[in-house]
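What follows is a single structure, written as structure tokens, with notes after it.
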Amino acid sequence: MTTDSDGTIAGAVLRGQASLRHLRAGGGLREAAEALIAAASGSGSALLFPASDSAGVLVGAAVILGDGSVAAIGSGDSVVGCKVLVVDAVAVSGLFVRSAVETLRQGGADWVGVFVWAVESPPGSAGSGWGDVDLVVLPTAV
């Protein structure tokens with residue numbers, strides 16, 4: 001059995017699942033949503049693009065708590081000339097984030113930032129690249 005301290009992808013996935021449970025429990029979601037709103041405000045980007053299903057929950061909470069200061073967009077929305085913040089709740093490999101960044105760049109976004117609440121990667125792979133981004137915000141990184 002793989003443990004979460006062995007430095008494998010399986011361990012990173014287990015840590016990612018624990019991070020998601022924390023995010024959905026108690027004040028975790030509110031804390032993450034408030035950090036997301038602050039990151040969006042600080043970057044001047046009011047458009048939030050969820051990179052995964054779990055990110056959709058976080059983006060939804062930020063839209064509700066943001067009282068009009070941020071808005072969610074999806075893959076069908078036009079982003080030509082826009083500043084967009086890609087959001088993920090937990091990233092293990094970064095694949096969903098990189099895919100979202102690529103989609104937004106191909107769609108004509110002028111500026112793309114990344115907000116990831118928790119990065120749970122095996123050693124050596126953290127920060128391995130989020131794609132062609134202008135800003136990376138990792139509020140829970142140590």
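The values are calculated or read from the model by the stated rules, or taken from the named source; none is laboratory data. Source: prediction; values computed, not measured. Positions of Cβ are backbone-derived with ideal geometry, glycine not excepted, and every protein chain shown enters the neighbour counts.
Apart from one condition, Leu47 fits all of (1) in contact with a Gly (Cβ under 8 Å, 6 or more places away or on another chain); (2) over 24 Å from Arg21 (Cβ atoms); the exception is (1). The combined condition, being in a helix (DSSP H, G or I) and surrounded by fewer than 24 Cβ atoms within 10 Å (Cβ to Cβ), is fulfilled by Val57. Screening Val80, Val87 for residues that are crowded, with 20+ Cβ neighbours inside 10 Å and under 18 Å from Trp111 (Cβ atoms) leaves exactly one candidate, Val87. Scanning the stretch 12-41 for residues that are surrounded by fewer than 18 Cβ atoms within 10 Å (Cβ to Cβ) and at pLDDT 85 or above gives Arg30, Glu31, Glu34, Ala35, Ala38, Ser41. Please work out which residue is modelled with the lowest pLDDT, limiting yourself to the stretch 73-106 and to residues that are over 12 Å from Ala51 (Cβ atoms) and of a type in the set (Gly, Ala, Ser). Per the criteria, the residue is Gly76. Scan the stretch 108-133 for residues that are at pLDDT 85 or above and surrounded by fewer than 16 Cβ atoms within 10 Å (Cβ to Cβ) and the total you get is 2.
Comparison of Ala55, Ala32, Ala71 shows that the only residue that is touching a helix residue (DSSP H, G or I) at 6+ places or on another chain (Cβ under 6 Å) and either on the phi > 0 side of the Ramachandran plot or not polar (S, T, N, Q) (or both) is Ala32. Within the stretch 37-54, the set of residues being within 25 Å of Gly129 (Cβ to Cβ) and in a helix (DSSP H, G or I) comprises Ala38, Ala39, Ala40, Gly42, Ser43, Asp53, Ser54.
Of Asp77, Asp88, which residue is of a type in the set (D, E, K, R) and in a loop (DSSP other than H, G, I, E, B)? Before the answer, list the steps.
Working: Asp88 fails: in a loop (DSSP other than H, G, I, E, B).
When all the criteria are applied, what remains is Asp77.
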